[in-house]
Amino acid sequence: MAQTNIITGQYVRLNMTAASVLSRITAWILDAVIMGTFAVLMYTLIFLIALGSRTYSPAIMFFIILFITAPSLLYPFICEKYFKGQTIGKRVMNIRVVNLDGSRPTTGQLLLRWLLLLVDGVMLGSSVGLLSIIFTRNSQRLGDLAAGTTVVRTRDYTSTNIRLYDFNYNDPNYRPFYREAVNLTWRQVETIANVLHSYQVSNRRDSLIPALAQKVQGILGVRPVMPPAQFLQTIVNDYYYYDVKK
């Protein structure tokens, strides 16, 4: 099975197992069944309602059809956005969309990835996306290449991140302090981690750490009961804890 090289924000190389072509196709079939079933049920409902009433104008029917069609078309994007890189099909197949650095994709990346489904084509009806997955280094379809994402096995992604506590990630037995850490973005956490790394390496006692801690405190609306550097490290650990345990 193909391996995907992921570089984290702390420049740690992860050798992830890319989702197989079969698992991606199976996930797509499951999602297609869900989307199709929803559309058929809704269209049937509207048809039955229309049979009993002749008051619907063409304009009203158009918006009703649009209301039914839009959720089906947006289903992959909405699921990957709010279910952390997974549609229902991907969840069943234990695969997920991630950035090449191991982080969760942004809304913009997921939107671009979704839009390029039109270019990739439906995977069972077009060879473009399929060939791209087979022959690219990180098993990426064109949407993945444009968005900087890939699809990996969830089991490997989770277990690898849990083992990264030696690189200021989480110990498997870690207990979080600040649930609010999830409100930060990956880039914000990466910045905090880089500042902490520089602070630990240089052992400097300047005002940057307290100022950053105060800024993070204001963003999250929390009151730290620990020194600034420890507070920031705790925030980073808590973020990764919830990111991995989700």
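Taken together, the values in this text are just the output of simple stated rules run on the coordinates, not laboratory data. Bear in mind that the values here come from a model prediction, so they are computed numbers and not experimental data. Virtual Cβ from ideal backbone geometry, glycine too; neighbours counted across all protein chains shown.
Using r as the Cβ-Cβ distance of Arg137 and Lys84, and R0 as 30 Å, what FRET efficiency do you calculate, to the nearest 0.05?
0.80
Using the Karplus curve 6.51 cos²θ - 1.76 cosθ + 1.60 with θ = phi - 60°, what ³J(HN,Hα) values do you get for each residue of region 128-145, in whole Hz, with x for Gly and Pro?
4, x, 5, 5, 5, 5, 5, 9, 7, 4, 9, 6, 10, 7, 4, x, 5, 4
As an exercise, use a Förster radius of 25 Å and the Cβ-Cβ distance of Thr44 and Val128 to find the FRET efficiency, rounded to the nearest 0.05. Each step should come with its number before you reach the end.
Working: r = 33 Å, r/R0 = 1.33.
The computed FRET efficiency comes out at 0.15.
Taking amide H positions as placed 1.01 Å from N in the peptide plane, with prolines and chain starts having none, which residues 5 or more places from Ile95, or on another chain, fall under 5 Å of its amide H?
Thr154
Under 5 Å between amide hydrogens, which residues at least 5 positions from Thr17 or on another chain qualify, with H placed 1.01 Å from N in the peptide plane?
Hits under the 5 Å cutoff: Thr4, Arg153.
Starting from 0.36 nm per residue, how many nanometres of slack lie between Phe67 and Leu22 once their C-alpha separation is accounted for? Numbers along the way, then the final one.
Numbers: separation 45, 0.36 × 45 = 16.20 nm, distance 3.23 nm.
Length gained between Phe67 and Leu22: 13.0 nm.
Short version: ³J(HN,Hα) in whole Hz for each residue of region 183-189, in order, from phi by Karplus 6.51 cos²θ - 1.76 cosθ + 1.60 (θ = phi - 60°), x for Gly and Pro, what are they?
7, 7, 8, 4, 5, 5, 5
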